[in-house]
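Please read the structure below before turning to the comments.
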Amino acid sequence: MKLYNTLTKKKEEFVPLEPGKVKMYVCGPTVYNFIHIGNARPMIVFDTARRYMEHKGYEVNYVSNFTDVDDKIIAKANEEGVSSKEISERYIAECKKDMEGMNVKPATTHPKATEEIGGMIDMISTLVEKGYAYNVNGTVYFRTRKFSEYGKLSHKNLDDLRSGGRSLLVTGEDQKEDPLDFVLWKPKKEGEPSWPSPWSDGRPGWHIECSVMSKKYLGEEIDIHAGGEDLIFPHHENEIAQSECCNGVPFARYWLHNAFLNIDNRKMSKSLGNFFTVREIGEKYDLQVLRFFMLSAHYRSPLNFSAELMEASRNSLERIQNAVGNLNHLLENAAVEELTGEEKELTAQLSSYEEKFDAAMDDDLNTADALAAIFELVRFANSHAEEGSSKAFLRALKEKIVSLADVLGVIVEKKEEMLDADIEALIEERQAARKAKNFARADEIRNELLSKGIVLEDTREGVKWKRA
Ligand SMILES: [Zn+2]
């Protein structure tokens with residue numbers, strides 16, 4: 001598998017530190033509101049990267065943080081007259097709901113910054129001891145000049161950055177030794193959450209959080225660090241500086257960044273009125289459509305969000321869903337069990353679609369081409385599945401489509417497409433449970449069916465059901 005590494009600006013063969021295992025860190029959102037669709041892109045594309053690596057047999061340790069201490073959280077808390085913790089807990093819960101809707105798997109660990117303050121103080125202390133950081137009146141800065149490799153990720157000219165940074169000195173940070181020095185720890189202001197430290201009662205800077213959480217949950221050296229391209233500078237550059245100066249080993253081997261998401265060809269912003277939360281999109285579309293849309297372009301290409309493109313994604317997704325629905329329908333009515341001779345030959349061709357799919361994903365996670373391979377498979381299924389097909393053949397077609405879509409995290413089996421036979425079987429089980437006075441189980445089955453859009457009606461002639 002090849003991955004484009006921002007650090008080397010090249011597509012490189014992926015070789016994990018430990019055979020068969022992947023240690024991956026993805027910068028998570030700051031939780032002060034519902035996540036927006038710009039946040040959704042890295043969540044979806046890197047969840048897809050993880051799923052694909054798992055499909056290839058890797059054991060992936062996937063860590064993604066929640067930044068739950070930040071100016072925006074404090075501002076929102078003050079606005080509502082509640083604690084910062086209340087705000088961050090609320091929006092972490094909401095974020096998890098959106099992730100579930102988008103079929104983004106929970107990370108192996110979702111650390112929260114406020115629960116890792118001790119580790120941050122330790123890392124900052126080490127940096128101060130080694131001369132990479134200095135304290136001025138309770139604020140601790142990283143001494144960028146001392147890290148000769150500073151700028152290696154963003155490939156920026158430091159002198160240009162320095163001269164550009166000088167104009168920023170009016171912001172009151174004139175106590176820094178160098179305009180590129182950044183905050184590791186800052187003293188609290190009135191009404192802000194704070195923690196005691198050797199330098200001041202205060203809170204950590206944003207960059208140190210990820211260095212510490214990555215180290216704690218994945219170790220000093222990791223395979224992949226990922227996030228949106230807007231994080232390359234300064235966030236990821238600063239993470240590298242902190243981690244490598246503290247630990248004395250390379251931080252991450254592969255740096256993956258997704259490109260921007262534009263809205264109607266313009267940058268998403270609240271002031272332009274083209275700012276959408278995932279929740280808002282979820283009111284108009286199944287979030288599977290959003291996931292499909294995000295994967296319809298390569299993750300390093302800018303992606304333009306528009307109503308037309310979402311409609312196109314919905315139609316494309318439906319084509320796959322309809323093919324699976326059709327296979328389910330044929331399966332229900334199929335009379336023959338075993339593969340016929342001709343079907344054996346056709347089934348042998350199925351692996352070629354998976355090979356195309358894998359080749360696309362191996363090429364720096366080309367999800368657009370991987371989807372194209374699924375569509376070829378769908379065309380193959382549509383042209384060869386028919387009334388007289390055997391169950392084994394229909395099952396093989398369906399399993400291949402569903403399993404490849406699942407590698408992309410796209411759910412292609414509609415919930416209401418529950419087989420009639422399965423529904424009848426559950427109804428029978430419910431009747432038996434009622435007879436045995438196991439009403440808890442009977443209710444459970446009714447609810448299970450309800451969640452799949454099946455409504456039961458107890459009549460004199462027995463139980464009737466319909467699709468809601
Ligand atoms: Zn980060």
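The values are calculated or read from the model by the stated rules, or taken from the named source; none is laboratory data. In this text, all values refer to a predicted model and were calculated from it rather than measured experimentally. Ideal geometry is used to build each Cβ from the backbone, glycine not excepted, and the neighbour counts take in all protein chains shown. For the accessible areas, the whole protein counts, side chains as well, though only heavy atoms, and no ligand, DNA or RNA atoms are used. Shrake-Rupley method; radii C 1.70, N 1.55, O 1.52, S 1.80 Å.
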Hey, can you tell me all the residues within the stretch 46-69 that are closer than 20 Å to HIS235 by Cα and away from the ligand (no atom under 16 Å from the Cβ)? none
So, first residue of a type in the set (A, V, I, L, M, F, W, C) in the stretch 83-98, second residue surrounded by fewer than 15 Cβ atoms within 10 Å (Cβ to Cβ), Cβ within less than 8 Å, six or more apart or across chains; the pairs are ILE87/GLU80
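Do the conditions hold for THR340, that is, is it more than 28 Å from GLU54 (Cβ to Cβ), more than 23 Å from the chain's Cα centre (by Cα), among the polar types (S, T, N, Q) and open to solvent by 30 Å² or more (accessible area, probe 1.4 Å)?
Yes.
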Let me spell it out: the conditions are (1) free of Cβ contacts under 8 Å to residues at least 24 places away in the same chain; (2) under 30 Å from GLU413 (Cβ atoms); (3) in a helix (DSSP H, G or I), and TYR52 meets all of them except one. Which number is the exception? (1)
Taking the stretch 44-63 as the search range and keeping residues that are buried (at least 21 other Cβ atoms within 10 Å of the Cβ) and aromatic (Phe, Trp, Tyr), which one is nearest to LEU371 (Cα to Cα)? TYR52
Within the stretch 183-217, the count of residues that are buried (at least 21 other Cβ atoms within 10 Å of the Cβ), of a type in the set (A, V, I, L, M) and within 19 Å of VAL128 (Cβ to Cβ) comes to 3
So, ARG41, is that one at pLDDT 95 or above, farther than 25 Å from SER84 by Cα, under 11 Å from the mean Cα position of the chain (by Cα) and open to solvent by 10 Å² or more (accessible area, probe 1.4 Å) or not? no
Of all residues in the stretch 218-236, count the ones that are assigned to a helix (DSSP H, G or I) and either buried (at least 21 other Cβ atoms within 10 Å of the Cβ) or within 12 Å of the ligand (Cβ to nearest atom) (or both). 7
How many residues are at pLDDT 95 or above, closer than 23 Å to TRP199 by Cα and out of contact with any Phe, Trp or Tyr (no Cβ under 8 Å at 6 or more places or on another chain) if we restrict to the stretch 139-182? 0
Hits in the stretch 262-279 - residues which are within 25 Å of ALA405 (Cα to Cα) and either open to solvent by 50 Å² or more (accessible area, probe 1.4 Å) or touching a Leu at 6+ places or on another chain (Cβ under 6 Å) (or both): ARG279
Any residue at all in the stretch 423-444 that's within 27 Å of MET43 (Cα to Cα) and of a type outside the set (Val, Ile, Thr)? no
